[in-house]
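Participant: Mind having a look at this structure? Questions to follow.
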Amino acid sequence: ADFEKSSFVDVIFKDCDFSNCHFGEAYFNRCEFINCKCVGTDYHEAVCKQTGFLECQLRYANLTGIYFENVEIKKCDLTEAALSEVKYKNWTIEDSLLVGVNLFKTRLKGMDISSNEFTDAIVSDSMEELRGVRISPVQALEAARLLGMDII
């Protein structure tokens with residue numbers, strides 16, 4: 001389905017299957033996605049304000065250039081999702097899978113991602129995306145691996 005440039009205000013999406021749908025440049029305000037399947041869903045350059053994603057499957061989702069304002073992502077699977085060039089004002093990701101996620105040009109400074117599984121992230125050569133992020137000791141080992149270090 002094509003929801004490109006659509007607008008949603010005060011909507012609860014519960015147990016929906018949006019796999020491979022297009023929400024490019026869509027607008028969400030005070031919305032909730034609860035237990036939704038959004039595998040391969042395209043949210044490029046969408047705007048999400050006061051919106052939550054709870055227990056959603058966002059594998060392979062395209063969130064490139066999305067704008068988040070007061071957004072909470074909790075217990076979601078973002079495996080191999082594209083979160084590049086995300087613009088934001090206050091967003092959190094908790095208890096989620098961030099495996100192979102593309103964070104190119106998305107600065108996480110000041111965020112706490114320590115409760116997430118965070119491995120194999122795609123970042124720039126400078127790793128600027130991870131500067132100032134709060135991580136767990138296990139995640140620090142992953143960051144060292146990204147720097148090319150061998151830990152024995």
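The values are calculated or read from the model by the stated rules, or taken from the named source; none is laboratory data. These figures come from a predicted structure and were not determined experimentally. Every residue, glycine as well, gets a Cβ built from its backbone with ideal geometry; the counts of neighbours run over all protein chains shown.
Participant: Arg145 fails exactly one of the following numbered conditions: (1) modelled with pLDDT of 95 or more; (2) more than 19 Å from Thr51 (Cα to Cα). What is the number of that condition?
Facilitator: Here Arg145 meets the rest and fails (1).
Participant: Which condition from (1) within 23 Å of Thr119 (Cα to Cα); (2) under 13 Å from the mean Cα position of the chain (by Cα) is the one that Lys37 breaks?
Facilitator: (2)
Participant: Here's another thing I want to ask about it. How many residues, within the stretch 112-148, are crowded, with 19+ Cβ neighbours inside 10 Å and closer than 18 Å to Asp77 by Cα?
Facilitator: Counting residues in the stretch 112-148 that are crowded, with 19+ Cβ neighbours inside 10 Å and closer than 18 Å to Asp77 by Cα gives 5.
Participant: Could I ask something else about it? Inspect all residues belonging to the stretch 48-58 and state whether any of them is closer than 21 Å to Phe104 by Cβ and in a loop (DSSP other than H, G, I, E, B).
Facilitator: Within the stretch 48-58, one or more residues are closer than 21 Å to Phe104 by Cβ and in a loop (DSSP other than H, G, I, E, B).
Participant: Considering every residue within the stretch 65-83, establish whether at least one is among the hydroxyl-bearing types (Ser, Thr, Tyr), buried (at least 21 other Cβ atoms within 10 Å of the Cβ), at pLDDT 95 or above and part of a loop (DSSP other than H, G, I, E, B).
Facilitator: No, the stretch 65-83 has no match at all.
Participant: Glu4 - would you say it is over 22 Å from Phe118 (Cα atoms) and not in a strand (DSSP E or B)?
Facilitator: yes
Participant: Can you tell me which of Lys75, Lys49 is touching a Leu at 6+ places or on another chain (Cβ under 9 Å) and among the basic types (Lys, Arg)?
Facilitator: Lys75
Participant: Let me ask something else about it. Quick check on the stretch 54-74. Is at least one of its residues aromatic (Phe, Trp, Tyr) and either more than 21 Å from Gly132 (Cα to Cα) or touching a residue at least 60 places away in the same chain (Cβ under 8 Å) (or both)?
Facilitator: Yes, the conditions are met somewhere in the stretch 54-74.
Here is a yes/no grid of residues against (1) surrounded by 16 or more Cβ atoms within 10 Å (Cβ to Cβ); (2) hydroxyl-bearing (Ser, Thr, Tyr); (3) more than 16 Å from Lys74 (Cβ to Cβ):
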{"position": "Val11", "(1), (2), (3)": "no, no, yes"}
{"position": "Asp17", "(1), (2), (3)": "no, no, yes"}
{"position": "Arg30", "(1), (2), (3)": "no, no, yes"}
{"position": "Phe33", "(1), (2), (3)": "yes, no, no"}
{"position": "Cys38", "(1), (2), (3)": "yes, no, no"}
{"position": "Thr41", "(1), (2), (3)": "yes, yes, yes"}
{"position": "His44", "(1), (2), (3)": "yes, no, yes"}
{"position": "Gly52", "(1), (2), (3)": "yes, no, no"}
